[in-house]
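Presented below is the structure to which this report refers.
The values are calculated or read from the model by the stated rules, or taken from the named source; none is laboratory data. All values reported here derive from a predicted model rather than from experimental measurement. Counting neighbours? That spans all protein chains shown, and the Cβs are built from the backbone with ideal geometry, glycine included.
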Amino acid sequence: MGAVIKETKADKTFKIFNYSFLFIALMIVLYPLIYIVSASVSDPSAVNSGEMWFLPKGFTLEGYKLIFENEQIWKGYLNTIFYTVLGTLINLAVTLPAAYALARKDFVGRGFLTGLFVLTMFFSGGLIPTYLLVKDLGMIDTIWAMVLPNAAAVWNIIISRIYFQVTIPTELEESARMDGCSNFKMFMKIVLPLSAPIIAVMALFYGVGHWNGYFNALIYLSDKDLYPLQLVLREILVLQEMSSSTANITESMAEAMHSKEQLAAIIKYGVMIVSTLPIIVVYPFLQRYFVKGVMIGSLKG
Amino acid sequence: MSTSSSIAKQQETEVRNGSTKPNLKPVNPKPQLRQKKIKKILQNWQLYLFVLPSFLYFIIFHYIPMYGLQIAFKDFIPALGIWGSEWVGFEHFIRFFESYYFWDLLKNTLVINLYELVVGFPLPIILALLLNEVKDGIYKRSVQTVTYAPHFISVVVMAGMIIAFLSPATGIINHFIEFLGFEPIRFLADPDWFKSVFVLSGVWQNTGWGTIIYLAALAGVDMQQHEAAIVDGATRLQRIWYINIPALVPTMIILLILNIGNFLAVGFEKILLLQNPLNLESSNVIATFVYTSGLLEAQYSFAAAVGLFNAVINAALLIAVNQIAKKRSETSLW
């Protein structure tokens, strides 16, 4: 904002207040993240006693060593990678062609189909009928339960549709058709190469969804060999912790549980980081794509 | 909605819909126009293949479950199937409404969502307005990058963080509380704390991300308005109040409607993870109840009825809010 005219006193006060407020917001968000990183490499007794509250104390990589030796975590990691890659590919194959067709003004039935899709955003059969359907289809305890019930998201189809409408000029389509180019060829040879940003946005949105999701796995999978990382994490971070933090523990019991708890504590913070690592790594580079995705969505509520 | 509609049937509807739209007399569409339409359909037949996968997806995974919702009015026995099971009318609904937990569930569901709306809705707006006043540069970019980041933390990790930080014996938050000379609080074992824990952790995770859409709207504000206001001697606060905030109103309304459209479903995955017997009285919401009674206790019909009740209330809220918005502000979803 170009300050052409000299700042008034009120404006200066505002600026000071503004910068400090944002600084506080920044710290509130940043602190827990720093704490997790520090705790994951600190001596667990220093973490549990509260001695370590900001920077690592009693540096150790014992926690990470235990994580890497944990077979369940490895298996979960591999399963999650598999579900994420396969799921995202299916998502893209379903979403992009549909969004392109719906973006075409000469596509008879686009209004009806868009309505059909959008309606599901606001009304659905709900958990139980969906579960029974997946069960009837024989997908319980198969990888398909992880990738098919969420093969597309209405919102993402809408975002892609808006992108195609805005970026692919109608003239281009018309002249391509004059040259005898089929719709299929047009989509593969002209539209997709022009649409790298939206492909990236969609891959990221869907990919993060697969990586972070746990609920489908919770209801559709009981075979531990198929568990994605998030379900393994749930056992480590939620189920074990809940039982120890809510029970009324006496002194002597606490003593006995102490060593086990130490072990749990030391890997707790490490797994938070290890499980989020792929996202942490790509996030700074791809932030603008994520942001772009949200902004396209805002173009046309 | 009939789910058995074949594609041929659907195309027929399209032809009818399409041909009646352009000329205002639907009684007798000009044959020429109809031919043109058919030609268009034939010419673009590949586009129908493009939508086929997603069409099938929505029919199978969204419309068939809607059809399956009829088990809410039946006594569903898996061996008999959806069709074979016996009709029981509103029995499951009545049982739900008359149960001793009905009012608790309804109250928890509404209070948690309202609480979240009241605290969580204005904060991204405020943060966006303030961020918008900072010159582009490293400071602004760092605040943005950092505050967006928690959005990508999974629910499970988030729940793990909450549980770890709030632990009465080892959690950092209780260490701070003790450091200040107070007794540690058993946040997750205390029903009075549950809703605040849920809402405030959500604020921590989502406020930054929520600013993106508002920042986009603010970027669209005409700079001339600001320049004119500066010439007239308006302070920054005045310019925010009279120029920027009105510019955000349409976005706010749309987001508010969308929020309320998901009112009764949002956040339930996190609630499920944070729930335990000690806080259940405050954390049991309709959506988690559907999960426990339906999938853990296998009362399919009863849980489907409860879920349907939830969905109907939700749809009614959405329509009501949309109507109000339409009347009052001319901004609405449809």
Problem - Extreme residue, modelled with the lowest pLDDT, among residues of the stretch A:91-109 that are more than 9 Å from chain B (Cβ to nearest Cβ) and assigned to a helix (DSSP H, G or I) - result: A:103
Handout entry: Lone unmet requirement of (1) modelled with pLDDT of 95 or more; (2) in the same structural domain as residue A:268 (by TED's automatic domain parsing) for residue A:31
Key = (2)
Practice task
Scan the helices (runs of 4 or more DSSP H) fully inside the stretch B:24-96 and keep the ones with 3 or more residues being modelled with pLDDT of 90 or more and of a type in the set (Phe, Trp, Tyr).
Solution key: B:45-58
Fill in the blank from the handout: Screening B:286, B:313 for residues that are more than 10 Å from chain A (Cβ to nearest Cβ), within 20 Å of the chain's Cα centre (by Cα) and either of a type in the set (Asp, Glu) or buried (at least 20 other Cβ atoms within 10 Å of the Cβ) (or both) leaves only B:286
Exercise for the section: For the stretch B:150-157, indicate whether the set of residues that are over 24 Å from the mean Cα position of the chain (by Cα) and of a type in the set (Val, Ile, Thr) is non-empty. Expected result: no
Practice task
Please state which of the following conditions residue A:76 fails to meet, knowing it meets all the rest: (1) assigned by TED's automatic domain parsing to the domain that holds residue A:233; (2) free of Cβ contacts under 8 Å to residues at least 60 places away in the same chain.
Solution key: (2)
Exercise for the section: Return the total of residues in the stretch B:207-258 being crowded, with 17+ Cβ neighbours inside 10 Å, in contact (Cβ under 8 Å) with a residue 40 or more places away in the chain and not aliphatic (A, V, I, L, M). Expected result: 8
Exercise for the section: Tell me, please, whether a residue that is away from every other protein chain (no Cβ under 11 Å), aromatic (Phe, Trp, Tyr) and surrounded by 19 or more Cβ atoms within 10 Å (Cβ to Cβ) can be found in the stretch A:153-165. Expected result: yes
Practice task
Count, please, the residues in the stretch B:41-68 that happen to be more than 7 Å from every other protein chain (Cβ to nearest Cβ), of a type outside the set (A, V, I, L, M, F, W, C) and touching a residue at least 12 places away in the same chain (Cβ under 8 Å).
Solution key: 3
Fill in the blank from the handout: Within the stretch B:115-138, the count of residues that are in a helix (DSSP H, G or I) and exposed (fewer than 13 other Cβ atoms within 10 Å of the Cβ) comes to 3
Fill in the blank from the handout: Quick count over the stretch A:169-210, residues being of a type outside the set (A, V, I, L, M, F, W, C), within 26 Å of the chain's Cα centre (by Cα) and under 15 Å from residue A:102 (Cβ atoms), is 1
Exercise for the section: Any residue in the stretch A:118-142 that's facing chain B (nearest Cβ under 8 Å): show its pairings with residues that are surrounded by 16 or more Cβ atoms within 10 Å (Cβ to Cβ) and not in a helix (DSSP H, G or I) at Cβ separation under 7 Å, as long as the two are six or more apart or on different chains. Expected result: A:130/A:149
Practice task
Go through the residues of the stretch A:99-113 one by one and say whether even a single one is closer than 30 Å to residue A:277 by Cα and not β-branched (Val, Ile, Thr).
Solution key: no
Handout entry: Any hit, the stretch A:156-168, residues being at pLDDT below 90, more than 23 Å from the chain's Cα centre (by Cα) and assigned to a loop (DSSP other than H, G, I, E, B)
Key = yes
Practice task
Tell me, please, whether a residue that is facing chain A (nearest Cβ under 9 Å) and more than 30 Å from residue A:50 (Cβ to Cβ) can be found in the stretch B:140-157.
Solution key: yes
Handout entry: Those residues of the stretch A:33-55 which are buried (at least 19 other Cβ atoms within 10 Å of the Cβ), facing chain B (nearest Cβ under 10 Å) and of a type outside the set (A, V, I, L, M, F, W, C), in sequence order
Key = A:35, A:44, A:48
Practice task
Look at residue A:80 and say whether it is part of a helix (DSSP H, G or I) and either within 13 Å of another protein chain (Cβ to nearest Cβ) or at positive phi (or both).
Solution key: yes
Completion exercise
Filtering the stretch B:176-195 for residues that are surrounded by 20 or more Cβ atoms within 10 Å (Cβ to Cβ) and either free of Cβ contacts under 8 Å to residues at least 24 places away in the same chain or at the interface with another protein chain (Cβ under 7 Å from one of its Cβ atoms) (or both) leaves a count of 2
Practice task
Kindly check whether there is at least one residue in the stretch B:241-256 that is within 30 Å of residue B:133 (Cα to Cα), more than 8 Å from chain A (Cβ to nearest Cβ) and of a type in the set (Phe, Trp, Tyr).
Solution key: yes
Exercise for the section: Hey, could you check the stretch B:136-176 for residues that are over 30 Å from residue A:285 (Cβ atoms) and out of contact with any Gly (no Cβ under 9 Å at 6 or more places or on another chain) and say which is modelled with the lowest pLDDT? Expected result: B:169
Practice task
Might you let me know whether the stretch A:35-45 holds any residue that is acidic (Asp, Glu) and under 30 Å from residue A:198 (Cβ atoms)?
Solution key: no
Practice task
Considering each residue of the stretch B:69-78, count those that are surrounded by fewer than 16 Cβ atoms within 10 Å (Cβ to Cβ) and either over 16 Å from residue A:128 (Cα atoms) or touching a residue at least 40 places away in the same chain (Cβ under 8 Å) (or both), and give that number.
Solution key: 2
Exercise for the section: Restricting attention to the stretch B:179-196, report how many residues are assigned to a helix (DSSP H, G or I) and within 18 Å of residue B:284 (Cα to Cα). Expected result: 9
Handout entry: Elements of type helices (runs of 4 or more DSSP H) contained in the stretch B:217-262, each with 1 or more residues being among the aromatic types (Phe, Trp, Tyr)
Key = none
